[in-house]
């Protein structure tokens, strides 16, 4: 009986390690550590990690920053050139994860299944972005992890002065915030 309990415990430990991957995002404003939830958002985490492994985010900017709302990046370089992406990922927003302060979610167009590489980090609770129903206005934005360290960096970026930049008419940080590198740390 003791051996069986030990094996079950070890199995749970190893499976939880497989389901939780942590990445470190090094930005010009500091480091943000993010724990990804592949149990609740397996397709989205797999998609994000493929971009990380391909160094897609290295040199990308946070191009959309709205104080007391969110910071968005992963789609453009510092010259505002759109970064190439692969096929969109299926929207997993009905996974029970919420757009709470510190949650990382996929950015998308009005098409619920259009998310590819762009992501955002919520700088406050944003229940209006959560899944309500599978309808044009109810899909929400798929959360796939949370910040575990570096919320002060998110807050610093969120509070930066913004204006126009490149093709954008608003919400662009006046001082570029560059993602130097994103690495998998566990």
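Structure values in brief
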item	result
Candidates 50, 24, filtered to the one that is under 18 Å from residue 118 (Cα atoms), modelled with pLDDT of 50 or more and in a strand (DSSP E or B)	24
Among residues of segment 95-118, those that are in contact with a strand residue (DSSP E or B) (Cβ under 7 Å, 6 or more places away or on another chain) and either more than 18 Å from residue 40 (Cβ to Cβ) or in a loop (DSSP other than H, G, I, E, B) (or both), counted	10
Filtered residues of segment 119-152 (kept if in contact (Cβ under 8 Å) with a residue 40 or more places away in the chain, surrounded by fewer than 22 Cβ atoms within 10 Å (Cβ to Cβ) and not in a strand (DSSP E or B))	124, 126, 134, 139, 150, 151, 152
Qualifying residue in segment 79-99 (condition: in contact (Cβ under 8 Å) with a residue 12 or more places away in the chain and within 20 Å of residue 31 (Cβ to Cβ))	no
Hits in segment 73-94 (condition: surrounded by fewer than 19 Cβ atoms within 10 Å (Cβ to Cβ) and not in a loop (DSSP other than H, G, I, E, B))	77, 82, 94
Condition met for residue 12 (modelled with pLDDT of 95 or more and assigned to a helix (DSSP H, G or I))	no
Count of residues meeting criterion [within 13 Å of residue 65 (Cβ to Cβ) and in contact (Cβ under 8 Å) with a residue 60 or more places away in the chain] in segment 153-177	15
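The values are calculated or read from the model by the stated rules, or taken from the named source; none is laboratory data. Keep in mind that what you see is a predicted model, and the values were worked out from it rather than measured. All Cβ positions, glycine included, derive from the backbone under ideal geometry; neighbour counts span all protein chains shown.
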